[in-house]
Amino acid sequence: MTPITSFLGRWQRPIAVSVILVILILAIFPRHHREAIHDTYTNYFPPKSSHSTAAASSGTHVTDFAHHFKTPDDFKPHFFQVAKLSPLDVQDAKRTCFWNDEDYRKQQFQWGPDQDWFANQSTLAQTEARRQEWHEFVANDLVPWESVKGKHKGRGIVTLAGHGDTIPRVAILMRQLVRLGSKLPVEIHFWEDEMNEESKAFLNAIYPRIRYNDLSASDNFWKTHGPTERNYGHYHFKTAAVVDTLFSEFLLLDSDNIPLTLPEDLFEAPTYKEYGTVFWPDIARTRHQNPIWAITRTFCNPAEYEQESGQMLVNKAKFFYHLQLAAWFNEQDYYKHLLLGDKDMFRFAWHALKTPYGKPSKWLTSGGTSHDGNYCGHTFIQAHPDNGEMAFLHRGYFKGMKAPALKWFRERGGVFQKFKQSKYPEDFAFPQESVWGGTGIEGVEGGWHCMGLEGVDEQPMDDLIPGINELFEELGGYWMVDEAEKKGS
């Protein structure tokens, strides 16, 4: 008889045995619902070889609480310590993403096996050369905060517009700000003649508190290039815009985003107050073979999704240098083959500079249509940083839907019919099976891209966001249909 069972008595022994078994199971099988896996910033996994030893091999100490520094210049000693960290090779960086074959198959990854770094693992010499490049940028080429801080003040919303259909999409955003009662000023960034006076007058009539910034102007803090140079489109404009914004704190919104909560309240969210950032998750993960983990000296995190930057909260008065590193990554052709556009440049800039960032309490929800038995998620529905309520409708795949299809859905109740949500939305380590694809309607012109979640049932959208289709109609969401009908009449 053990001391424990002797103390408890005969009738309590089964309870004691059960408790001990539960403790042993949790200790031996740390699966998807363990707090330690997905609620802790996991930049510092235990080293597995001499290449992944940081402080132990170099005598370097890097704080786990860099997000508590108050100003950009407070980070400088921290950056110096980061630069002294010993190398991490791809082989070690990827070992911490321990998906089994089935879980690996279920998940989406942005880049496929056709990438050279997937077929041919990057060497330590290659990743270290890249790491030294960004180290040199941080050491020598940052715009000093002292030289620009006097130009910054307050909180506001940053967006970009001018090319393609972005003007009517931003108009929807502006109408929603009016509807929510927001009083925040807005900056709209554009390139050269993409934004004309007529467009400005149109938007000002909806929401008068708008400042316009031409990213090609010589007085910007960050000098970038045009959309036709280097075959890079507009991806680099977002990172340039957040370096050039004059807000001390900003909410970045894509032109196709509809906030569902008052933006002013987001700056008071506890997660933002703690970290000075909130980065929302995407549907895909970063492959463990990707050399970006080693280049930023970060162990692959199995509880981390790629960043979905259709919305982002940042305290620029704290993270001005981090934003510049993200913009620098986004200007280098090399990183176009590792990360998609602007979105993960932010996440890996924070990783590179060993600074934890805030994330929402829930993973994204897929919202979209359902016809002929086919679910098509066209919108990323993102949650509030803390209370879990739906806070943003980012219509990422919606942009591909043309007027005939929009009209077809409009006549059948609207484009927001169903949603799908992970069974474990608060567990970022859970290997939720997701799919990308496309769909269309027989006899209706055009098709569009979709995202979906497997193994979960579609549910009525009104159960999640009551009156969403009426709201979308009110905001002018079917402008494309209305314009087509005017031209046809």
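The values are calculated or read from the model by the stated rules, or taken from the named source; none is laboratory data. Here the structure is a predicted model, which means the values were calculated and not measured. Every residue, glycine among them, receives a Cβ derived from its backbone with ideal geometry; neighbour counts consider all protein chains shown. Note: areas computed on protein heavy atoms with side chains; ligands, DNA, RNA excluded. Shrake-Rupley method; radii C 1.70, N 1.55, O 1.52, S 1.80 Å.
Take every DSSP beta bridge whose two residues both sit in segment 145-353; close to 40 percent of them are antiparallel. I'm spelling it out carefully: the read-out is mean projected area of the Cα convex hull in nm², the candidates are (i) 30.7; (ii) 28.2; (iii) 32.0, and one was derived from this structure. Which label? Read-out from the structure maps to (ii). The Stokes-Einstein estimate for segment 301-354, based on a Kirkwood radius over Cα pairs and taken at 4 °C with 1.567 mPa s viscosity, is a diffusion coefficient of 111 µm²/s. Treat every Asp and Glu Cβ in the chain as -1 and every Lys and Arg Cβ as +1, leave all other atoms uncharged, and give the resulting dipole magnitude about the Cα centre to the nearest 20 debye. Dipole magnitude for the chain comes out near 1280 debye.
Taking all protein chains as shown and a probe of 1.4 angstrom, LYS423 keeps an accessible surface of around 130 Å². Rolling a 1.4 Å probe across the protein heavy atoms gives segment 365-488 an accessible surface of 43 Å² per residue.
Measuring with a 1.4 angstrom probe and ignoring ligands and nucleic acids, LYS84 comes out at about 90 Å² accessible. Per-atom-type breakdown for segment 365-488 gives carbon and sulfur 45% of the accessible area (1.4 Å probe, protein chains only). Among residues other than GLU389 with Cβ under 14 Å from its Cβ, the summed charge is -3 (Lys and Arg +1, Asp and Glu -1). The length gained by stretching the chain between ALA139 and ALA205 to full extension, at 0.36 nm per residue less their Cα-Cα distance, is 19.3 nm.
The label point for TYR334 and the one for PHE267, both projected 7 Å from the Cα toward the Cβ, are 3.8 nm apart. Each other residue within a Cβ distance under 14 Å of GLY156 adds +1 if Lys or Arg and -1 if Asp or Glu, for a net charge of +3.
A Cβ-based charge dipole, computed about the Cα centre of segment 145-353 with Lys and Arg at +1 and Asp and Glu at -1, lands at about 540 debye.
Accessible area of segment 187-307 with a 1.4 Å probe: how many percent of it is carbon plus sulfur? Within segment 187-307, the accessible surface is 48 percent carbon and sulfur. From the alpha carbon centroid of segment 359-404 to that of segment 439-467 is 9 Å. Going by Cα centres, segment 138-167 and segment 305-328 are how many Å apart? Centre-to-centre (Cα) distance: 11 Å.
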